[in-house]
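Read-outs throughout are calculated quantities, based only on the coordinates presented, and are distinct from any laboratory measurement. Here the structure is a predicted model, which means the values were calculated and not measured. Here the Cβ positions follow ideal geometry from the backbone for every residue, glycine too, while neighbour counts run over all protein chains shown.
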Amino acid sequence: MTDTTEHVSATGAPAPAEPVTPVAGPRRRDVLHFALRNRKVVGGTVVILAFLVLGLVAPFFTDHGPNEYVGPPSSPPSADFWFGTTTFGQDVFLQFANGIRSTFVVGLLGGGLAGLIGMTIGFVAGYRGGLVDELLNMLTNIVLVLPALAVLIILHAYVGITSVPMQALFIGLFSWPWVARAVRAQTFSLRSREFVDLARLSGMRPLAVIRREIAPNMSSYLFMTFILLFGGAVLMAATLDFIGLGPTDVVSLGLMMNSAVHWSALHLGLWWWFVPPGAAITAIVGALYVMNVGLDEVFNPKLREM
Amino acid sequence: MRRYFGRKLAIYALTFVVAVTLNWLIPRFMPGDPVLRMLTRTSVSNPEAIAPMRAYYENVFGLDVPLWKQYLKYWVELFQGNLGVSVWLFPAPVADVIVDAVPYTLALLLPSILLSWWAGNKVGALAARRKWLDNTALPVSYALTATPYMWLGILLAWGLGIVAGLFPVAGGYSFEMRPEWSWAFVGSLAQHWFLPFLSLFLVAFGGWAIGMRNLIIYELEADYANYLAALGAPRRLIRRYAFRNALLPQLTGLALQLGVLVAGALVTEIVFAYPGLGHLILQAIQNQDFFLLQGVFLFIVIGVLAANFLIDIVYVLVDPRTRTGMQGAT
């Protein structure tokens, strides 16, 4: 691959490949100021928070489990059942709220783990260079071309996923390579700056140099990476759940679509069964992407006021 | 250039080895006993049948010889094209089952990938620096690229298929027909093909449009663009140069997105019960047909690697820098 690879992130949107110029001291108040004035950041955050609150709070207001048969079968949305019921009389809204919960768990854990692995490999490869870099780079390239979902299907089918965190773990294990690439490239160019040399000369250990001198200079980029990984993990989990390989004892948005298709909700016209879960995923992932674009404008002064 | 292709091929060969090894490792070293699981899932009612079935499976997996021999045997059988026997379509060999399904998947994937890439790039380039188009095309693109493939498929199947009744929503061709070379059959194929194609096309389109729009803006700020503008070159010309430069990262992006696109095709096929590889995966999972599942996995890996290599060749053709060996050996 040529160096242009680093410009392309998961969404196909270019990520800032040049490291942010080192700034002295924190500029948190500055960032907050611009973030609060950026409509994309605020809008995205509001959508995400709304879903998060819904997922966290809604399940507490009922004494039924999401899979219990509580109402008349196949009834359209009403005051009692906001999103209607399934062919078995399960409350779709209840399933929906619980599904959002597991969506966030998968996103946070899967995205977090992928970010952690990608950053570790990227930092070590970029900072160490030499043979370590060669080996890690090879590993990264291999995982990069390996179709992640196909591997996950095989793993899920054999291992039998029982819980959402376990699913997140597997997803995280196979979605880090582009992060490693980007972080490596940035570390590479930061490594030879004077302030890093100075830290090294003053006897700082390599880990401390990475943590205190290099990572803070790309913290904004790392944060945006995590957002994209979050969205990717959510989509991946929904895909696996839809195929029927996800955890079956927990409700997830993908599983809702799976059962809707499986019990022919399309032919029966039960649109309230399959529209909300997909809409929620689209809204959450879309809000994340939009937020990411907004954050890019916040962190990168060149893009502001466009 | 030889170095460039050499390194690429080495990576792909290694990836293939890793994929095959994973395929071999997972059933053998995962917690639990896959043979036992297969036996329990097939729910044999007669207890006397379990022992011979167990012996059969152990023999098929080759579990009775040392590990390194099992591994070697696996490779040898792979090169003989022996991927095992399908349980679902017993006694059809897995390789045959897959070969029957591959044309359907390719017929979906190739047009949708190429057309969405082309159209997305065009629209993205138009949207850059054009306020009204940017304000309409960009939000739509973001919504599309955030949409899970299967959901768009479900919506299209429901809206255009069931409610409007314009298109059939299941199968690769009409259930009343048998495969033959006739206009009626080809028409039926095309009718069944259109909705899955459309949903794949739309989701992928959004991502390319966003990518191209951002790249063009980035390119228009580059020195060469400013220089051309200062010389008084027409805007059209500058944009054309920017477009050609922006195509390169988009091409790399295509290689990176292949896995996601294939995954999208798999679930779309499941939604439409389209008889490609995705449908096979679903059947394999529901019927506990592990040989079939692993065969499909290997096929997907080989396909993705081959496509990656094709893109590498195209990259060399369109980017002169890789040819002179100045760049590209990463």
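How many Cβ atoms of partner chains, on average, are near each residue of B:260-268 if near means within 10 Å of its Cβ?
Working: counts 9, 1, 3, 11, 3, 0, 7, 8, 0.
Average per residue, whole number: 5.
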Mean separation of Cα pairs under 8 Å and 6+ residues apart, divided by the residue count of chain A: what relative contact order is that in percent? 27 percent
Cα-centre dipole for segment A:26-299 with unit charges at Cβ (Lys and Arg positive, Asp and Glu negative), debye to 20: 1180 debye
Selection from B:74, B:15, B:170, by position along the positive dipole direction of chain B (Cβ): B:15
In a Gaussian network model over chain B where Cα atoms closer than 10 Å are linked, find which of B:84, B:295, B:187 has the largest mean-square fluctuation. B:187
Picking from A:144, A:277, A:98, whose Cα lies most toward the positive end of the charge dipole for chain A (charges on Cβ: Lys, Arg +1; Asp, Glu -1)? A:144
Taking N as the number of residues in chain A, what value does Rg over Cα atoms divided by 2.2 N^0.38 Å take? 1.13
May I ask you to sort A:156, B:279 by Cβ crowding, counting other Cβ atoms within 10 Å and putting the fewest first? B:279, A:156
Straight-line reach from residue B:69: which aspartates and glutamates fall under 16 Å, measuring Cα to Cα and dropping same-chain residues less than 8 apart? B:58, B:77
Tell me what the protein assembly as shown gives for mean residue ellipticity at 222 nm when only DSSP H runs of n ≥ 4 count, each as -39,500 (n - 2.57), the sum divided by the residue total, rounded to 500 deg cm²/dmol. -23500 deg cm²/dmol
Cα-based Rg of segment A:181-233 normalised by 2.2 N^0.38 Å, two decimals: 1.28
Over chain B, what is the mean sequence separation of C-alpha contacts under 8 Å (at least six apart), divided by residue count, expressed as relative contact order in percent? 26 percent
At 1.002 mPa s and 20 °C, Stokes diffusion of segment B:103-320 via Kirkwood alpha-carbon radius, µm² per second: 112 µm²/s
Per-residue average of Cβ from other chains inside 10 Å of B:14-26: 3
Binning at 5 angstrom from zero up to the longest distance, how are the C-alpha pair distances of segment B:204-319 distributed in percent? 2, 10, 15, 14, 14, 11, 9, 8, 6, 4, 3, 2, 1, 0
Percent of C-alpha pairs per 10 Å bin, segment A:153-291, short to long: 10, 29, 25, 18, 11, 5, 2, 0
With a Cα-only, solvent-free Debye model of the protein assembly as shown, what are the log10 I(q)/I(0) values at q = 0.05, 0.08, 0.12 Å⁻¹? -0.24, -0.62, -1.40
Please report, to one decimal in angstroms, the Kirkwood hydrodynamic radius of segment B:46-142 built from all distinct Cα-Cα pairs. 18.5 Å
So, relative contact order of segment B:151-238 in percent, Cα under 8 Å, 6 or more apart, is 23 percent
Helix A:39-57 sits off the longest principal axis of the Cα atoms of chain A, rounded to the nearest 10 on a 0 to 90 degree scale, by 50 degrees
What nm distance separates the two modelled labels at residue B:184 and residue A:31, each placed 7 Å from Cα along Cα→Cβ? 6.7 nm
Along chain B, longest interval not containing exposed trypsin sites (Lys or Arg not before Pro), exposed being DSSP loop plus at most 16 other Cβ atoms within 10 Å: B:131-330
How would you rank B:223, B:289, going from fewest to most other Cβ atoms within 10 Å of each one's own Cβ? B:223, B:289
Let me know the mean shielding of B:151-162 by other chains, meaning the per-residue number of their Cβ atoms within 10 Å of its Cβ. 5
Taking Cα atoms, how many degrees apart are the long axis of helix A:28-37 and the longest axis of chain A, rounded to 10 and kept between 0 and 90? 40 degrees
Surrounding net charge for residue B:7, when Lys and Arg each add one and Asp and Glu each subtract one, Cβ distance under 12 Å: +1
Compute the Rg to Rh ratio over segment B:94-196 from the alpha carbon atoms, using the Kirkwood formula for Rh, and round to two decimal places. 1.07
What residue among B:246, B:222, B:19 has the largest mean-square fluctuation in a Gaussian network model of chain B, using Cα springs under 10 Å? B:222
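Under a Cβ-only charge scheme (Lys and Arg +1, Asp and Glu -1), can you give me the dipole magnitude of chain B about the Cα centre, in debye to the nearest 20? If you can, show how the numbers build up before the last one.
Values: 23 positive and 17 negative charges, 310 e Å.
Its charge dipole is roughly 1480 debye.
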Straight-line reach check, residue B:131, cutoff 23 Å on alpha carbons, 8 or more apart in-chain or any other chain, hits among lysines -> A:40, A:302, B:122
Order of A:51, B:272, B:205 from fewest to most other C-beta atoms within 10 Å? A:51, B:205, B:272
What does the charge dipole of the protein assembly as shown about its Cα centre add up to, to the nearest 20 debye, if the Cβ of each Lys and Arg holds +1 and the Cβ of each Asp and Glu holds -1? 2320 debye
